[in-house]
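The values are calculated or read from the model by the stated rules, or taken from the named source; none is laboratory data. Please read all numbers here as calculations on a predicted model, not as lab measurements. Cβ atoms come from the backbone with ideal geometry, glycine included; neighbour counts cover every protein chain shown. For the accessible areas, the whole protein counts, side chains as well, though only heavy atoms, and no ligand, DNA or RNA atoms are used. Shrake-Rupley method; radii C 1.70, N 1.55, O 1.52, S 1.80 Å.
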Amino acid sequence: MKHKPEIQTKEDVLEAVVENDVKFIRTQFTDTMGIIKSWAIPSEDLDEAFDEGVMFDGSSIEGFTRIEESDMMLMPDPSTFRILPWRPKEGAVARIIGDVKLPDGKPFEGDPRYILKKTLKEAQDMGYSMNVGPELEFFLFKQDSEGNPTTELTDKGGYFDFAPLDMAQDVRREIDYTLEHMGFKLEASHHEVAPSQHEIDFRFADALTTADNVITFRYVVKSIANHHGYYATFMPKPLYGVNGSGMHANQSLMSQDGENVFFDPNTPNQLSDIARYYTGGLLEHIREFAAITNPTVNSYKRLVPGYEAPIYITWSDSNRSSLIRIPSTRGKGTRVELRCPDPACNPYLAFATMLSAGLDGIKNKTDPKEAVTHNIFNLSGKEREDMGINSLPGSLKEAIDEMADSEFVKKTLGDHLFNNYLCAKNKEWDDYKARVHQWELDTYLSIL
């Protein structure tokens, strides 16, 4: 069954369950770090789940609640119902994403989906809605004889390569078909720059739908790859010496009557003041929320010079060495592309902080300064300093320290999620810092 876009209500879902012989529903949400949590319920329990929620133990989820206040419930969102095409058609399996609630029905303030909804409400109060179009990159590696992931390449292809260099094209094609059956509108699917690296882009949508789609996308890619004996990873930099994987985020604001407020045909570059201020807000706050868009130790091994990763806090109409690029499309397609996020991020939190930063820029009329038109990678440190060009944090530690001092991020995420996120990331950094890594052994063991 191909997903019907008209499925929006409880009644639509219950009808689709009967029509498609669905026996089990995988209820899903993400923890603070963006990892999918899921369990199955029988289809006959779905009606009650819509009305009363599905209870679970929140104390077992990263960043949620303490053991003494562990009872939580998931309220399924009918618009997220999708049948899993790779499962048998008889006795089919579907999935549905939900909102985490407290036992009294109030939203749980540590639910990443709630944080995005709350930020979208702030935008709505200002007269805007947010559209996002992400570009997700990932690697396909071979599994070992026991099914464990390796970093053994599946091909030696490069950007836009085709068979025989792109040996995993059949896997990518099946991923494309599966996504389309689940309601995605794909815009591009191709081999990326690094060997075994791929990119699939899907059409922009409102920010909440897009965040749900990112979660679904990662779930589908990993599932289909596994069925073919491959392992798909969204780790930002799994291989030394080649490009890492990013998640460029194309974003725009729409007015209540559906007009793109970033477009102004009467300015030299056809960008509105709102677009400029939004861009200014992103540039002003990006160091504070980099720990959200680039959330792992490994993220900062992608954000280094020499591999097309944007690390300099500038904007440009065309320059891909800038952190923010304004693609050439104008009119309804006018958008701001933030190029630093990676696919390991929690999309709900990433989109919430991006939007909040942009709205802050609009409120305060933040000037993004002049666009940088030349290749920043070719500038010396002194030249960048003279031009006032700052850089993204150089490590997860630097990023979480910036976030810890940020009242802006704290206000966006709320106290609960802000504190739990920092706690988890500080533990991650401390664990990394205490480990002896292979580079240290290779560099020091034989000479000291």
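Here is how the numbers come out for the structure above:
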{"item": "HN-Hα J in Hz across the range 204-209 - Karplus 6.51, -1.76, 1.60, θ = phi - 60°, x for Gly and Pro", "result": "4, 7, 4, 4, 5, 4"}
{"item": "Relative contact order (percent, whole number), the chain, Cα cutoff 8 Å, 6+ residue spacing", "result": "15 percent"}
{"item": "Hull volume in cubic angstrom per residue (convex hull over the Cα atoms of the range 119-233)", "result": "107 Å³"}
{"item": "Gain upon complete extension [Lys106, Asp12; 0.36 nm per residue less C-alpha separation]", "result": "31.3 nm"}
{"item": "Estimated FRET transfer efficiency (Ser380, Glu440; beta-carbon r; R0 35 Å; 0.05)", "result": "0.70"}
{"item": "Added length on full extension, which subtracts the Cα-Cα distance from 0.36 nm per residue, Asp430 to Asp51", "result": "132.1 nm"}
{"item": "Portion, in percent, of the accessible area of the chain that falls on carbon or sulfur, probe 1.4 Å", "result": "49 percent"}
{"item": "Exposure of Phe50 as accessible area (Å², to 10), given a probe of 1.4 Å and all protein chains", "result": "20 Å²"}
{"item": "Exposure rank, largest accessible area first [Thr412, Thr150; 1.4 Å]", "result": "Thr150, Thr412"}
{"item": "Exposure rule at most 16 other beta-carbon atoms within 10 Å, DSSP loop trypsin sites (Lys or Arg not before Pro): the chain longest free segment", "result": "204-319"}
{"item": "Lys pairs under 23 Å by Cα in the range 334-448, provided they are eight or more residues apart or on distinct chains", "result": "15"}
{"item": "Relative contact order (percent, whole number), the range 105-241, Cα cutoff 8 Å, 6+ residue spacing", "result": "30 percent"}
{"item": "Accessible area of the range 172-216 divided out per residue, in Å², using a probe of 1.4 angstrom", "result": "34 Å²"}
{"item": "For the range 427-439, 3J(HN,Hα) per residue [Karplus equation, 6.51 cos²θ - 1.76 cosθ + 1.60, θ = phi - 60°, Hz, x = Gly/Pro]", "result": "5, 4, 5, 4, 5, 4, 5, 7, 7, 8, 9, 4, 4"}
{"item": "Over the chain: helical MRE at 222 nm, DSSP H runs n ≥ 4 each giving -39500 (n - 2.57), nearest 500", "result": "-11000 deg cm²/dmol"}
{"item": "Evaluated over the range 261-364, the Cα radius of gyration and Dmax, each in Å", "result": "13.8, 44"}
{"item": "Solvent-accessible heavy-atom area per residue, rounded to whole Å², over the range 292-424 at 1.4 Å", "result": "39 Å²"}
{"item": "For Glu137, distant residues with modelled amide H under 5 Å away", "result": "Gly246"}
{"item": "Principal axis box of the chain, alpha-carbon based, largest edge first, Å", "result": "67, 58, 49"}
{"item": "Gain on full stretching of the segment that runs from Asn364 to Ser223 - 0.36 nm per residue minus C-alpha separation", "result": "46.3 nm"}
{"item": "Which of Asp57, Asp71 is most accessible, then next, and so on - probe 1.4 Å", "result": "Asp71, Asp57"}
{"item": "Solvent exposure, largest accessible area first (probe 1.4 Å, DNA, RNA and ligands not counted), of Met235, Met73", "result": "Met235, Met73"}
{"item": "Long-range amide H partners of Ser321 with built H, under 5 Å", "result": "Ile376"}
{"item": "Lys pairs, the range 13-138 - Cα-Cα below 16 angstrom, 8 or more residues apart or on other chains", "result": "6"}
{"item": "For the range 219-280, the Rg and Dmax computed from alpha carbons only, in angstrom", "result": "19.5, 54"}
